[in-house]
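Working notes, beginning with the structure itself.
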Amino acid sequence: GAVVSQHPSWVICKSGTSVKIECRSLDFQATTMFWYRQFPKQSLMLMATSNEGSKATYEQGVEKDKFLINHASLTLSTLTVTSAHPEDSSFYICSASVNRGSGTQYFGPGTRLLVL
Amino acid sequence: EDQVTQSPEALRLQEGESSSLNCSYTVSGLRGLFWYRQDPGKGPEFLFTLYSAGEEKEKERLKATLTKKESFLHITAPKPEDSATYLCAVHMNSGYSTLTFGKGTMLLVSP
């Protein structure tokens, strides 16, 4: 149980284009979903927290107009990197939480983004 | 400032050589401490949650313990397949379920 999927697993795009990454909880309903980015040999950096049907809460320093998050249902959240640039190249990982009180998050396999 | 510090940064063991990884935390109001395993190029895999000092949890060759200031992940007789980065994270007493992660310990077990 508690399986989270991400699609695509990797994507290469040209600078200036937008990229959408999907995160799905496959066997449970997620009250909250999270988006992280991870640079090589570094830990996870939380970008934003999203609850179904409401606006995402972005961490300090994360541009909400650049990283658009939509949490349309209890099993799907999307992250759109708008007008991507090479510095946006990174490993993006989503996670989902069943119970807000427990804190336990289940992570997706990640999406590697390379912007040329 | 709340902090989560993991040590060592990297650890190399021979197969069968038991050891421990450390996660120390300075947070105001701990609701839970989590251990995850992350393989290269993959998302973290949930291992354990610990909620109170004195609590212990086991899974195969891994045992996690918690005190008021730190947590240990004990690895007994490790195998090469235990090689991974082990991440510690804390859930604090706030209105949200966000986790604060340490930088991880990269474990390499040689045959």
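Since every read-out is calculated from the coordinates, none of them should be taken as a lab result. Only a predicted model underlies this, so the values are computations on that prediction, with no experimental measurement involved. Note that each Cβ is placed from the backbone with ideal geometry, even for glycine, and that neighbours are counted across all protein chains shown.
Considering the options B:Leu99, B:Phe72, B:Thr85, tell which one lies farthest towards the positive end of the dipole of region B:16-111, charges being +1 on Lys and Arg and -1 on Asp and Glu at the Cβ, about the Cα centre.
Ranked along the dipole, the leading option is B:Leu99.
For labels at A:Thr31 and A:Ser54 in the simple 7 Å Cα→Cβ model, what's the distance in nm?
That separation, rounded to one decimal, is 1.1 nm.
Please name whichever of A:Pro86, A:Ala96, A:Asn51 sits farthest to the positive end of the charge dipole of chain A, dipole taken about the Cα centre and charges placed at Cβ: Lys and Arg +1, Asp and Glu -1.
A:Pro86
Can you list the lysines whose alpha carbon sits under 18 Å from that of B:Lys57, skipping same-chain ones fewer than 8 residues off?
Result set, ordered by chain and number: B:Lys68, B:Lys69.
Relative to the Cα centre, what is the charge dipole magnitude of chain A, using +1 at the beta carbon of each Lys and Arg, -1 at the beta carbon of each Asp and Glu, and rounding to the nearest 20 debye?
Values: 10 positive and 8 negative charges, 21 e Å.
Computed about the Cα centre, the dipole is about 100 debye.
Quick one: how many lysine pairs in chain A have C-alpha atoms under 15 angstrom apart, if they're 8 or more apart or on different chains?
Taking chain A as the scope, the lysine pair count is 4.
Take chain A, compute every pairwise Cα distance, and split them into 5 Å bins from 0; I just need the percent in each bin.
2, 13, 23, 26, 20, 10, 4, 1, 0
Relative contact order for chain B: what percent, with Cα pairs under 8 Å and sequence separation of 6 or more? Don't skip to the end; give the middle numbers.
Numbers: 283 pairs, mean separation 40.5, N = 111.
About 37 percent, as a whole number.
By the gyration tensor of its Cα atoms, with a ≥ b ≥ c the square roots of the eigenvalues, what is the shape of the protein assembly as shown: rounded for a/c under 1.5, prolate for a/b over b/c, or oblate? Spell out each step's value before the answer.
On the way: a/c = 1.94, a/b = 1.45, b/c = 1.33.
It comes out prolate by the Cα gyration axes.
What residues of region B:10-24 lie in the reach of a label at B:Lys79, counting those whose backbone N is under 16 Å from a point 7 Å from the Cα along Cα→Cβ?
Once the point is set 7 Å along Cα→Cβ of B:Lys79, B:14-18 turn out to lie under 16 Å by backbone N, inside region B:10-24.
Taking only the C-alpha atoms, wrap a convex hull around region B:32-111 and report its volume per residue in Å³ as a whole number.
On the way: hull volume 7.6 nm³, N = 80.
Normalising the Cα hull of region B:32-111 by residue number yields 94 Å³.
Calculated FRET efficiency, B:Gln14 and B:Phe46, Cβ-Cβ r, R0 35 Å, to nearest 0.05? If you can, show how the numbers build up before the last one.
Working: r = 28 Å, r/R0 = 0.79.
In this case the efficiency is close to 0.80.
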